[in-house]
Structures are given as C-alpha cells and as structure tokens.
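Here's the structure, in structure tokens; my notes come after.
The values are calculated or read from the model by the stated rules, or taken from the named source; none is laboratory data. Given the structure is predicted, the values throughout are model-derived calculations rather than measurements. Counting neighbours? That spans all protein chains shown, and the Cβs are built from the backbone with ideal geometry, glycine included. In case anyone asks, the SASA skips ligands and DNA or RNA and just uses the protein heavy atoms, side chains included. Shrake-Rupley method; radii C 1.70, N 1.55, O 1.52, S 1.80 Å.
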Amino acid sequence: MLDKRSLELRRTIVKVLAAAERGHLGASLSLVEIVRVLFDDVMRYDPRNPRWSGRDRFILSKGHGCVALYVLLAEKGFFPADELWKFCRFDGMLGGHPDPKVPGVECATGSLGHGLPIAVGMALNARYEGSGARVFVVLGDGECNEGSVWEAAMSAGKHKLDNLVALVDYNKQQSYGSTHEILDLEPFADKWRSCGFDVTEVDGHDVVALRTVLGAAGDRTGKPALVICHTVKGKGVP
C-alpha cells in the first residue's frame, strides 16, 4: 500500500509527463520510494549550496527515470517548482535525461552503464580527499546487461569502496520484454557478492524497510554496498 506522500509524488510525476507529452512513465514510477527515502532520510546535502564539498553524491544512472528525481529536487528547493512544467521544453532546463546544469544533478546520465563507473571514481576521490562523503547510485536492471557495470563493480570490490552504495531498481522489465527473457540476470545477488559487495534485498516500495536498509548501507564494512530493490514498473498506475 502506497502512503499519501508516495501517491502525491506520483501524481506530480504523471502531471509533468502529461504536460510535456513525453518521457518515461514506468521507469519514473518504479523508483519513487528509492529516491524519496534517499533525499528524505539518508543523504547529506544543502539545496542552497548544491556543490557543498561535504555533500553526499547521488547519481541516477537509469537517467530515463529522471522525472522522479526532478520532482524530489524541486520539492527540496534545488530549483523553483515552476521548472517542472517546462520539462523537455526549449525554455526550460530539465531535459529528458539528467544534466549537471540542473542544481542537484552531479553528472549527465542516460547512456546506460555509465553511472556506476562514475560513482566508483567519485568514491575513490572522496577517499583520497578524506571528505567522508558517500556516493549513492541507482541503476536499472536492464542496464545491468552492460559490461561497463561489471567492470566498475569489480573495481569497487577491489578497492573496498565502503563509501559507495549502489541500488538496483529491479522491476524486471526492460525496453522490449522481461529481463528474464532478454538477458537473465539471475543469480543476481550472487553476481554482486562475487565482485566483493555487501548485498541486501528489499521491497523497493516499502518506505520503512528502505529506511532501515539504507540507514545501515554504507556503514564502514570494508565493502561497497549493493541494495537490490524489488519494484513494479509503473507502480501506482493500474
């Protein structure tokens, strides 16, 4: 059962996409609770100073789900809410994939397979600087077909990046079929464990469970963390 806040976020996402007459509805709705809990309860950031050096970093690697991120960023005060209604318009700053010109967006994503490699680099740099910043990255499950994801995963494990938390929006659907039919990911958790990750699985729409898991993820374990979030593509829409 979705609570009032999750339903309101979804209503705004649907209205933004309807106004723009474009965008990815299913991909945005499956990750609402993931992004919500990260921005509500977990990450350190300052909307008035988006480049604050002490901030945690967030990367939405499955960039086509960006409207969920934009709605949260507007709500938190990174930019005026009026910008939402210019999504994918020439007079607005919010494009169909995240871009660093948008306050709160760390890097351009949408070419799938790039977010985790970038996150690994950010986590290594944070360690080098001794900043204490954590790096959170959300991947799609279909995105995990990309070889660059697994090269980055092996690198994260090798360097024991315990300031890195990767989350997979495991809705089990990709562009033209199920992940099982197109390129089966299972045994998914074991693949990540073999790369040196501390793996947890959770209902990706259960806010309480997400708070518990993400509150503990990234504790200094000597391992990067991977949270498999079991979700429904288009959650909230019949």
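Details
- Span from the segment 170-238 Cα centroid across to the segment 7-76 one, whole angstrom: 18
- Take every DSSP beta bridge whose two residues both sit in segment 84-238; close to 10 percent of them are antiparallel.
- Three-way shape call for segment 126-238 based on the alpha-carbon gyration tensor, with the a/c threshold at 1.5: oblate
- What segment 77-227 shows is 46 Å² of accessible area per residue, with the surface traced by a 1.4 Å probe over protein heavy atoms.
- The string of couplings for segment 143-155 from the Karplus curve (6.51, -1.76, 1.60, θ = phi - 60°) is 4, 6, 6, 6, x, 5, 4, 7, 4, 5, 4, 5, 5 Hz, one whole number per residue in order, with x for Gly and Pro.
- The chain: C-alpha gyration tensor shape, a/c 1.5 cut-off, then a/b vs b/c: oblate
- For the chain, the 222 nm mean residue ellipticity estimated from helices alone, with every DSSP H stretch of n ≥ 4 adding -39500 (n - 2.57) and the total spread over all residues, rounds to -11000 deg cm²/dmol.
- Surface share of carbon and sulfur [accessible, 1.4 angstrom probe, percent] for segment 103-238: 53
- The alpha carbon gyration tensor of segment 178-238 gives principal lengths a ≥ b ≥ c with a/c of 1.5 or higher and a/b no greater than b/c, which makes the shape oblate.
- Peptide packing: for 81-94, 177-190, the average count of neighbouring Cβ atoms within 10 Å per residue gives the ranking 81-94, 177-190, highest mean first.
- Across segment 168-183, computed HN-Hα scalar couplings (Karplus, 6.51 cos²θ - 1.76 cosθ + 1.60, θ = phi - 60°) run 10, 7, 8, 8, 6, 10, 10, 4, 9, x, 7, 4, 5, 6, 7, 7 Hz from first to last residue, x flagging Gly and Pro.
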